[in-house]
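**Q** Pasting a structure below so you can have a look.
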Amino acid sequence: QVQLVESGGGFVQAGGSLRLSCASSGSIARMYHMGWYRQAPGKQRELVATITNGASIFSTNYADSVKGRFTISRDNAKNTMTLQMNSLNPEDTAVYYCNAKILRFALGTADYWGQGTQVTVSS
């Protein structure tokens, strides 16, 4: 059974920083496309940032609202992903989810989501 678990959420004042982590476990042969998404109360889930799995260079993509403030990264050796969030503002308040497309041993590829971690930014 493959699982993704987020950590690092919490409460922070506007202008502060948080670092989210996504750890994986289970029978994982390879992790392909990974990303962070968020869902604020009453809103649809939206993309925050994604990162591909290149041999030596990772390609990243960010929502316009977080460009220049958030940085996504991954460690293929550990099958982990992080999201460094700086200059947070109240509009960043949401539940943040980790997502990954994973190749499982003998089971093919599937899309996985973590359970989410709450980020709350006060003004």
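The values are calculated or read from the model by the stated rules, or taken from the named source; none is laboratory data. Note that the structure is predicted; figures quoted are calculated from it, not measured. Cβ placement follows ideal geometry from the backbone for every residue including glycine, while neighbour counts extend to all protein chains displayed. Remember, those area values only see protein heavy atoms, side chains included, never the ligands or the DNA or RNA. Shrake-Rupley method; radii C 1.70, N 1.55, O 1.52, S 1.80 Å.
**Q** Could you do me a favour and compute the accessible area per residue for the chain, 1.4 Å probe, result in Å²? Let's see the in-between values first.
**A** Working: 6440 Å² over 123 residues.
Using a 1.4 Å probe on heavy atoms only, each residue of the chain averages 52 Å².
**Q** Can you give the relative contact order of the chain as a percent, counting alpha carbon pairs under 8 Å and 6+ residues apart? Show your work: numbers first, answer last.
**A** Numbers: 307 pairs, mean separation 44.6, N = 123.
Relative contact order here is 36 percent.
**Q** At 0.36 nm per residue, minus the direct Cα-Cα distance, what do N89 and E46 gain on full extension? Give it in nm, one decimal, please.
**A** Values: separation 43, 0.36 × 43 = 15.48 nm, distance 1.66 nm.
Contour length minus Cα-Cα distance gives 13.8 nm.
**Q** How large is Rg over Rh for the range 69-115, taking Rg from the Cα atoms and Rh as the Kirkwood inverse mean of 1/r across Cα pairs? Spell out each step's value before the answer.
**A** On the way: Rg = 13.9 Å, Rh = 12.9 Å.
Using Cα coordinates only, the ratio equals 1.08.
**Q** Between K67 and I28, what length comes free when the chain is fully extended (0.36 nm per residue of separation minus the Cα-Cα distance, one decimal in nm)? If you can, show how the numbers build up before the last one.
**A** On the way: separation 39, 0.36 × 39 = 14.04 nm, distance 3.05 nm.
Going from the current span to full extension adds 11.0 nm.
**Q** Using all alpha carbons of the chain, what is the percent of pairwise distances in each 5 Å bin, ordered from the shortest bin to the longest?
**A** 2, 12, 23, 24, 19, 11, 6, 3, 1, 0
**Q** Compute, for T120, the solvent-accessible surface of its heavy atoms (probe 1.4 Å) with the complete set of protein chains present, and express it in square angstrom to the nearest 10.
**A** Accessible area, nearest 10 Å²: 40 Å².
**Q** Spin-label point model (7 Å from Cα, Cβ direction): what's the N53 to S122 distance in nm?
**A** 4.1 nm
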